[in-house]
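Chemist: Would you mind keeping the following structure in view while I ask a few things?
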Amino acid sequence: MVTMNWKSVVKQCRFDCAGMGLFSVANMVFLLALPMLSIVVSLVMISTHVDEHVASGLMGGLGGLASTMACMSALGPASSEESAGHSAMRGLIPVSRTAQVVGRYLFLLVVGLLWALDVVICGGVFIVFGDIADMGWIGTLAAGAFIFALAIILGSVLLACAYRFTFRKMMVASVAVMVGLYAVIALLARLPVDWQWLLLNITDFLTIWWHTALVLAVLCLLAYFGSMLIAIRIYRAKEL
């Protein structure tokens, strides 16, 4: 039976936060730059009467940036250790390997929450200036929740792979996965008419907000805890 000290988990998370400068002045300035950009866009839109789709497009772009940055930040500790040649030292520090892995997944939660909060703040700016993105607080909170779920799902899978493959191999694999996803989407769009009813039923199912929330929650939990268990198993099986 695996025993784990949760103080060690928190210490590992704090160590990764400090090592990546997550709450450093430079990173906080970068995070605050996005709400400031939202303020500038809001002022320009109000003075020039630009269509509200500009703000909605900006929110979509910020969401994509936030999810990408959350995933890359979660891989930061592993990639920095690998580039510095310190990967083999991880098992030597006086913290159990299980606590190290769980602490790194806790770091992923912190990063995901931070970027999701940034997206919510950007949406809040648009609401304060007259809801120019036509989202409302419910839409803004839903966007933040979606970014958080997406960051956790993708980040969890990538984090588990980081314990098995080198960072370069992971980047090659991620490109292959993206190409494969585009290929699957293209194939789905060309399905015979007899099979298109399946896509329509899935689309109709996801148009109801709580259906989408349920699917994301299940995927998030499966990806997070499933990949964590895989990462623990891989890391504990490695020889020093």
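Please treat every number below as a calculation from the coordinates, not as lab data. From a predicted model like this one, the values you see are computed outputs, not experimental measurements. With ideal geometry, Cβ positions are generated from the backbone for all residues, glycine too; neighbour counts draw on all protein chains shown.
Chemist: If you stretched the chain out fully between residue 234 and residue 48, how much longer would it get, using 0.36 nm times the residue separation minus the C-alpha to C-alpha distance?
Modeler: Residue separation times 0.36 nm, minus the Cα-Cα distance, leaves 61.3 nm.
Chemist: Something else now. How high is the FRET efficiency from residue 202 to residue 168, r the C-beta distance, R0 41 Å, rounded to 0.05? Provide the component values of the computation, followed by the final result.
Modeler: Values: r = 36 Å, r/R0 = 0.87.
Efficiency for this residue pair is about 0.70.
Chemist: Using 7 Å Cα-to-Cβ label points, what is the residue 221/residue 128 separation (nm, one decimal)?
Modeler: Roughly 3.6 nm, to one decimal.
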